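Okay, structure first, notes after.
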Amino acid sequence: MEKIRTPFYLYDMELLAESVSEMVRLSAQYGISAHYAVKANAEDRILRYIASKGLGADCVSGNEVLTALASGFPPEKIVFAGVGKTDEEIETAVGNGIFSMNCESLPEIEVIDGIAGRMGKKAGIMVRINPNIDAHTHKYITTGLEENKFGVSEHEFDALIELLGRCRWIDFKGLHFHIGSQILDVHDVFSLECRRACEIVSYFEERGLKVENIDLGGGLGIDYHDPDGHPVPDFGLWVRTIAEGMGKCGDRRISIEPGRSLVGQCGSLITRVLYVKHGVDKTFLITDAGMNDLIRPALYGAYHKVENISAEARNVKEYKKYDVVGPVCESSDVWGEGRELPETERGDLLAIRSAGAYGQVMASRYNLRTLAGTYYMDELN
Ligand code: LLP
């Protein structure tokens, strides 16, 4: 590891296998199918592994749909959400016969109907509903409140039923919900989501629209503070809560869309300390990874645990407080303030933990920096 050019993402496929097998076991037990949210991490080996274990894919762009297909996800297990699908992306979805486009507005359904008609091929859709629920999470990653841009809100339900009645090229499959991400209040928030989903399903069915599939989205949170204490999140609590909640809603096909919970703990960003800089009251560790490599702390104020893996190997006993910062020309390029770490030297390797989800996929070349590479633990031994 010492010789690899830093920074780089390091993935633990054994942990991914544990998470996926737990998800597969529980979803089989409760009769719920899982579509992996590709947006969380789209590395080739990760996608191929998840596809090989029989999960479906939840995509949010035409390129994600094409990548999912190339990685081995069958079209009948692919769903495609997103508020702004282009005509080209809709053609990709219809042309490849994916299970469903999860539609987010009435005008989008009309456009899909027109395109599918021109292509002479029916388009499977689910309609994403905005259930107006507070997911008790960061405001940038809550998506189920009425003032969010996502999904169709209650005031449009009657117009939606009328529209679906006249779209000849639409194959209506059901309803889609996704209320937010990094949800830790699992039982309360997902029970509420199920209650709202059941009420909304009854509203549609009383008006003659059969709802066969209900997709409840993703959102299960992970433990950023103690990644080794909770490497595999409590999928059981999530899946049981959903099975119980939807049990009251008749016999239907239920699916979920885990992203972060499957891949989040499987990845770390490995970075080297370039300088130990002594300020007036603080000591800074300046790393060669920056917010362009992992934007979550700068964008959401997100916490990621930082570990000094070289000092662990040196068996350093003395701890000090450091502000760990990146090299990018922005004051928000900070990994953590006042972090207690073993006494650190120039050249030490740090691991920024829980970076497997929304890490590498959100990287940019800001400051024209080189993108971090990808390595897997089993390749390093
Ligand atoms: N389904 C839909 C429709 C979604 O929009 C998302 C995530 C998921 C599933 C997967 O959610 P998960 O299980 O990963 O919570 N960049 C942010 C997270 C954005 C989430 C966007 N949607 C972050 O770094 O926290």
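The values are calculated or read from the model by the stated rules, or taken from the named source; none is laboratory data. Predicted model only: the values in this text are computed from it and were never measured. In this analysis, Cβ positions are derived from the backbone assuming ideal geometry, glycine residues included, and neighbour counts consider all displayed protein chains.
Once segment 226-252 is narrowed to residues that are hydrophobic (A, V, I, L, M, F, W, C) and outside any helix (DSSP H, G or I), the residue that is modelled with the lowest pLDDT is CYS249. Counting only strands (runs of 3 or more DSSP E) wholly contained in segment 1-99, the ones carrying 2 or more residues that are over 24 Å from ILE295 (Cβ atoms) occupy 32-37, 78-80.
Here ARG296 fits the description: outside the structural domain of LYS173 (by TED's automatic domain parsing) and under 18 Å from the mean Cα position of the chain (by Cα). Evaluate segment 253-263: report whether one residue or more is surrounded by fewer than 20 Cβ atoms within 10 Å (Cβ to Cβ) and either within 16 Å of the ligand (Cβ to nearest atom) or part of a helix (DSSP H, G or I) (or both). Looking for residues that are surrounded by fewer than 20 Cβ atoms within 10 Å (Cβ to Cβ) and either within 16 Å of the ligand (Cβ to nearest atom) or part of a helix (DSSP H, G or I) (or both), one finds none in segment 253-263, hence no.
As for segment 251-258, it holds at least one residue that is under 30 Å from LYS210 (Cα atoms) and without any contact (Cβ under 8 Å) to a residue 40 or more places away in the chain.
Can you tell which of GLU104, GLU91 is under 25 Å from GLN182 (Cβ atoms) and assigned by TED's automatic domain parsing to the domain that holds VAL211?
Values: GLU91 fails: under 25 Å from GLN182 (Cβ atoms).
Selected residue: GLU104, the only one of GLU104, GLU91 that is under 25 Å from GLN182 (Cβ atoms) and assigned by TED's automatic domain parsing to the domain that holds VAL211.
In the set (1) in contact with a His (Cβ under 8 Å, 6 or more places away or on another chain); (2) part of a helix (DSSP H, G or I); (3) among the aliphatic types (A, V, I, L, M), ILE222 fails one condition alone, (2). Condition first: away from the ligand (no atom under 16 Å from the Cβ) and under 23 Å from the mean Cα position of the chain (by Cα). Now tell me which residues in segment 264-280 satisfy that. Of everything in segment 264-280, just one residue is away from the ligand (no atom under 16 Å from the Cβ) and under 23 Å from the mean Cα position of the chain (by Cα), namely ILE270.
Looking at VAL127, VAL83, which one is within 21 Å of MET362 (Cα to Cα) and either assigned by TED's automatic domain parsing to the domain that holds MET362 or within 14 Å of the ligand (Cβ to nearest atom) (or both)? Answer to the selection: VAL83.
Taken over segment 317-357, residues that are surrounded by fewer than 17 Cβ atoms within 10 Å (Cβ to Cβ) and in a loop (DSSP other than H, G, I, E, B) amount to 10.
Taking segment 171-200 on its own, how many of its residues are outside any helix (DSSP H, G or I), more than 21 Å from GLU154 (Cβ to Cβ) and away from the ligand (no atom under 12 Å from the Cβ)?
Kept after step one, since they are outside any helix (DSSP H, G or I), are these residues of segment 171-200: 171-185.
Right, trim to more than 21 Å from GLU154 (Cβ to Cβ) and you get 171, 181-185.
Checking which are away from the ligand (no atom under 12 Å from the Cβ) leaves us with 171, 185.
Total meeting the criteria: 2.
Has segment 212-222 got at least one residue that is surrounded by fewer than 19 Cβ atoms within 10 Å (Cβ to Cβ), more than 16 Å from the ligand (Cβ to nearest atom) and not hydroxyl-bearing (Ser, Thr, Tyr)? Yes, because at least one residue in segment 212-222 is surrounded by fewer than 19 Cβ atoms within 10 Å (Cβ to Cβ), more than 16 Å from the ligand (Cβ to nearest atom) and not hydroxyl-bearing (Ser, Thr, Tyr). Quick one: in segment 1-57, which of the residues that are among the aromatic types (Phe, Trp, Tyr) and in contact with a Lys or Arg (Cβ under 8 Å, 6 or more places away or on another chain) is surrounded by the most Cβ atoms within 10 Å (Cβ to Cβ)? If we take residues in segment 1-57 being among the aromatic types (Phe, Trp, Tyr) and in contact with a Lys or Arg (Cβ under 8 Å, 6 or more places away or on another chain), then TYR11 is surrounded by the most Cβ atoms within 10 Å (Cβ to Cβ).
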